[in-house]
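Input: a single structure, listed below in structure tokens.
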Amino acid sequence: MLATSLVGLVVAGCGGGDRQDKNEPSGTFPMNVVNARFPASQSLAKQEALTISVKNTGTQEVPNLAVTVDSFSSRSQQPGLADPERPIWIVDEGPVGGTTAYTNTWALGKLAPGKTRTFTWKVTAIEPGTHTVKYRVAAGLNGKAHAKVNGNNDFQGSFTVAISGKPAQSRVDPVTGKVIRSKS
């Protein structure tokens, strides 16, 4: 009897409840990427900003404006690694208030018609070479709200970035002890 009750409790706790997308409106929401910046030339160990600004060009409120960045890391082909994902950039700071349960997606909430919202990441390069950073804009996190960005239903933006193998030059101020980076 006790075993049957325990199994019933375990089964009841698994997968019950409302669907994750229950409250997300269905539809297609037109938007434009009005600004996207990430320096094309970078140095190891130097923090840079990746900025993407999105404007709601439609007549309805966007339910939950989100951006996914797929290329802050790359997949290693070396066999036997516990985690084959290897960082190219370290994300020092994501968009403020944008953290989600997804490791590479940030959301900044509702966006009224005609309004613009900016996502900014502060990242530090740790892998030299030429890399492509890809990003996608979404109108929600659960798949019912679709984005039509710059007139394209499958919009994906990208940046090509060359990371120098030489770290950024810096020195320590002997009076204050602060690190001073050169303006290269």
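The values are calculated or read from the model by the stated rules, or taken from the named source; none is laboratory data. Fair warning: this is a prediction, and the values are worked out from it, not measured in the lab. Reconstructed Cβ throughout: ideal geometry from the backbone, glycine too, with neighbour counts over all protein chains shown. Keep in mind that these areas ignore ligands, DNA and RNA; they rest on the heavy atoms of the full protein, side chains included. Shrake-Rupley method; radii C 1.70, N 1.55, O 1.52, S 1.80 Å.
Which residues, counting only those in region 160-183, are over 22 Å from Leu50 (Cα atoms), open to solvent by 60 Å² or more (accessible area, probe 1.4 Å), assigned to a loop (DSSP other than H, G, I, E, B) and not polar (S, T, N, Q)?
Hits for region 160-183 are Pro174, Val175, Lys178.
Under 6 Å by Cβ, and 6 or more places apart or on different chains, what pairs join a residue from region 166-181 that is in contact (Cβ under 8 Å) with a residue 60 or more places away in the chain with one that is open to solvent by less than 100 Å² (accessible area, probe 1.4 Å) and in a loop (DSSP other than H, G, I, E, B)?
Matching pairs, first to second residue: Pro167/Ala45; Ala168/Ala45; Ala168/Lys46; Arg181/Ala168.
Among the candidates Arg19, Arg86, Arg75, which residue alone is under 30 Å from Ser170 (Cβ atoms), open to solvent by 90 Å² or more (accessible area, probe 1.4 Å) and at pLDDT below 90?
Criteria check complete, one pass: Arg86.
Among the numbered criteria (1) surrounded by fewer than 17 Cβ atoms within 10 Å (Cβ to Cβ); (2) within 14 Å of Ala66 (Cβ to Cβ); (3) in contact with a strand residue (DSSP E or B) (Cβ under 7 Å, 6 or more places away or on another chain); (4) modelled with pLDDT of 95 or more, which one does Ala139 miss?
(1) is the only condition that Ala139 fails.
I'd like the full set of residues that are aromatic (Phe, Trp, Tyr) and in a loop (DSSP other than H, G, I, E, B), limited to region 135-159.
Step one: list which residues in region 135-159 are aromatic (Phe, Trp, Tyr), which gives 135, 155, 159.
Correct list: Phe155 only.
Any idea which residue in region 103-115 is nearest to Phe72 (Cα to Cα), counting only those that are within 9 Å of the chain's Cα centre (by Cα) and open to solvent by 20 Å² or more (accessible area, probe 1.4 Å)? I'd like the intermediate steps shown before the answer.
Step one: filter region 103-115 for residues within 9 Å of the chain's Cα centre (by Cα), giving 103-107.
From the residues that got through so far, the ones that are open to solvent by 20 Å² or more (accessible area, probe 1.4 Å) too are 103-104, 106.
Working: Thr103: 11, Asn104: 8, Trp106: 13 Å.
Here the answer is Asn104.
For region 44-62, check the following and say yes or no: at least one residue is of a type in the set (Lys, Arg) and either open to solvent by less than 60 Å² (accessible area, probe 1.4 Å) or touching a Cys at 6+ places or on another chain (Cβ under 8 Å) (or both).
Looking only at region 44-62, we keep the residues that are of a type in the set (Lys, Arg), and these are 46, 55.
Next cut, either open to solvent by less than 60 Å² (accessible area, probe 1.4 Å) or touching a Cys at 6+ places or on another chain (Cβ under 8 Å) (or both) only: 46.
Taking every residue of region 44-62 in turn, at least one turns out to be of a type in the set (Lys, Arg) and either open to solvent by less than 60 Å² (accessible area, probe 1.4 Å) or touching a Cys at 6+ places or on another chain (Cβ under 8 Å) (or both).
Please return the ranges of strands (runs of 3 or more DSSP E) entirely within region 20-80 where 2 or more residues are among the aliphatic types (A, V, I, L, M).
Numbers: elements: 27-37, 41-44, 47-56, 66-69, 73-75.
Once the strands (runs of 3 or more DSSP E) in region 20-80 are filtered for at least 2 residues that are among the aliphatic types (A, V, I, L, M), what remains is 27-37, 47-56, 66-69.
I'd like to know if region 117-125 contains one or more residues that are within 14 Å of the chain's Cα centre (by Cα), under 16 Å from Ser53 (Cβ atoms) and polar (S, T, N, Q).
Yes, some residue in region 117-125 is within 14 Å of the chain's Cα centre (by Cα), under 16 Å from Ser53 (Cβ atoms) and polar (S, T, N, Q).
Across region 88-129, which residue is farthest from Phe38 (Cα to Cα) among those that are assigned to a loop (DSSP other than H, G, I, E, B) and among the polar types (S, T, N, Q)?
Going through region 88-129, the residues assigned to a loop (DSSP other than H, G, I, E, B) turn out to be 88, 94-98, 100-104, 108-110, 112-115, 126-128.
Next, only the ones that are among the polar types (S, T, N, Q) stay: 100, 103-104.
Values: Thr100: 22, Thr103: 20, Asn104: 17 Å.
Applying the filter and picking the extreme gives Thr100.
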